[in-house]
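Values quoted throughout were computed directly from the atomic coordinates according to the rules given, and no laboratory measurement underlies them. Here the structure is a predicted model, which means the values were calculated and not measured. Positions of Cβ are backbone-derived with ideal geometry, glycine not excepted, and every protein chain shown enters the neighbour counts.
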Amino acid sequence: MNVLIVYAHPEPKSLNGSLKDFTVRHLERAGHTVQVSDLYAMNWKASLDANDSRERLNGERFYPSQESKHAFENGLQSEDIAREQDKLKWADAVIFQFPLWWFSMPALMKGWIERVYAYGLAYGVGEHSDARWGERYGEGKFAGKRAMLVVTTGGWESHYSARGINGPIDDLLFPIQHGVLYYPGFDVLPPFVVYRTSRVDDAKYVEVSEALGRRLDALWNDAPIAFRQQNGGAYTIPALTLRDEVAPGQVGFAAHVEARASGAADHATPLQPRETAVMSAA
Ligand SMILES: Cc1cc2nc3c(=O)[nH]c(=O)nc-3n(C[C@H](O)[C@H](O)[C@H](O)COP(=O)(O)OP(=O)(O)OC[C@H]3O[C@@H](n4cnc5c(N)ncnc54)[C@H](O)[C@@H]3O)c2cc1C
């Protein structure tokens, strides 16, 4: 299988750097082909702007979506964008690895998403009708591919628990997992999160990397997060709200995940598998 790792950390000797190298070695040993987009090393341009296409549709005013569509459809995108899109098309699975910075991905990775996710590739796909609202949230150009986040946090696991001060990790990652990954069609695997990184020492590193290795071994078999498909009947169209009879009374992010019958899958909660998280020693 082909695996793309989109990776953002400025220091190769960091914990993230070690885990990224471990992932490459582990996957290659298992016979997979791996490409890494190391965004800091590539000096990736983070800002989406008028220089992202070789020829403007409108020279008077810059409309980001329109220019993205024009450039994507006509082969006018800047080369760095087109190269990353080729990697995405090539990949059977994509791993996004990053340290949690201000409760999200580093700005550089957000800039990769904004520029590489062109109109016609990641959004603006499919027809709109009474029965379908484009191909998104479970459909789209990346359908059939898998994606997984590998995230490190300074905060403790309890800080990210259901009643933790930072908010539940599933909620914090929802805009990435549901918005950035599920929207264009990826099957999204539960994240692999390393908490309380300051406590990672040699012994803990062995534990963390072994747990990560097991998740990588299960990349093709783990059940994806059971997000509800937009065009699968759970939502009214065009309002795109859950039908009254679906998860009645439930609101918030969790309402967009199907509850699984107990024992039906290897998930401890709708979003988290048993070995999602690795917490450093107290
Ligand atoms: C701008 C910014 C915003 C932040 N926002 C948040 C936030 O919102 N929420 C939050 O929880 N945290 C936040 N943090 C903390 C951040 O998430 C952590 O600092 C980060 O996840 C640590 O990852 P690292 O790769 O930089 O670890 P490193 O600092 O490189 O390493 C962590 C530990 O692992 C050890 N280690 C590294 N490699 C190995 C190895 N190969 N073998 C054994 N031990 C090893 C190191 O010695 C160190 O003790 C923020 C930090 C910054 C700079």
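With N as its number of residues, region 124-211 has a Cα radius of gyration that, divided by 2.2 N^0.38 Å, comes to 1.41. Shape index of region 1-153: Rg/Rh, with Rg the Cα radius of gyration and Rh the Kirkwood radius from the inverse mean 1/r over Cα pairs, equals 1.00. In this label model, Arg163 and Trp102 are separated by 3.1 nm, measuring between points 7 Å along each Cα→Cβ vector. Taking Rh as the Kirkwood radius computed over C-alpha pairs, what is the Stokes-Einstein D of region 108-160 at 37 °C in a medium of viscosity 0.692 mPa s, expressed in µm² per second? My calculation gives 236 µm²/s for D. Sites listed here are GluC sites (Glu not before Pro) in region 116-191 whose DSSP assignment is loop and whose Cβ has at most 14 other Cβ atoms within 10 Å: Glu127. Under the combined filter of DSSP loop state and at most 11 neighbouring Cβ atoms within 10 Å, region 39-113 retains these GluC sites (Glu not before Pro): Glu55, Glu60. Measuring r between the beta carbons of Arg199 and Ala50 and using R0 = 41 Å, the FRET efficiency lands at 0.35.
In plain terms, the residue of Tyr195, Tyr205 with the fewest other Cβ atoms within 10 Å comes first and the most crowded comes last, giving Tyr205, Tyr195. Projected label points at Val246 and His128, each 7 Å from Cα along the beta carbon direction, are separated by 1.8 nanometres. Could you pull out the pairs from Lys45/Lys89; Lys110/Lys145; Lys110/Lys204 whose alpha carbons sit more than 26 Å apart here? Pairs exceeding the cut-off: Lys110/Lys204. Over all other residues within a Cβ to Cβ distance under 12 Å of Tyr160, the charged ones net out to -1, with Lys and Arg as +1 and Asp and Glu as -1. The base-10 log of I(q)/I(0) for region 148-189, evaluated at q = 0.16, 0.25, 0.34 Å⁻¹, reads -0.45, -0.85, -1.11 [Debye formula, identical scatterers on Cα atoms, solvent excluded]. Rounded to the nearest 500, the helix-only mean residue ellipticity at 222 nm of the chain stands at -7500 deg cm²/dmol, with each DSSP H run of n ≥ 4 adding -39,500 (n - 2.57).
With the gyration tensor restricted to C-alpha atoms of the chain, the semi-axes of the equivalent ellipsoid amount to 30, 26, 17 Å, longest first. For region 61-125, relative contact order (Cα pairs under 8 Å, six or more residues apart, normalised by length) works out to 46 percent. Positive contributions from Lys and Arg (+1) and negative ones from Asp and Glu (-1), summed over other residues with Cβ under 15 Å from the Cβ of Gly138, come out at +2. If you take all other residues with their beta carbon under 13 Å from the beta carbon of Trp44, and give Lys and Arg +1 and Asp and Glu -1, the sum is -1.
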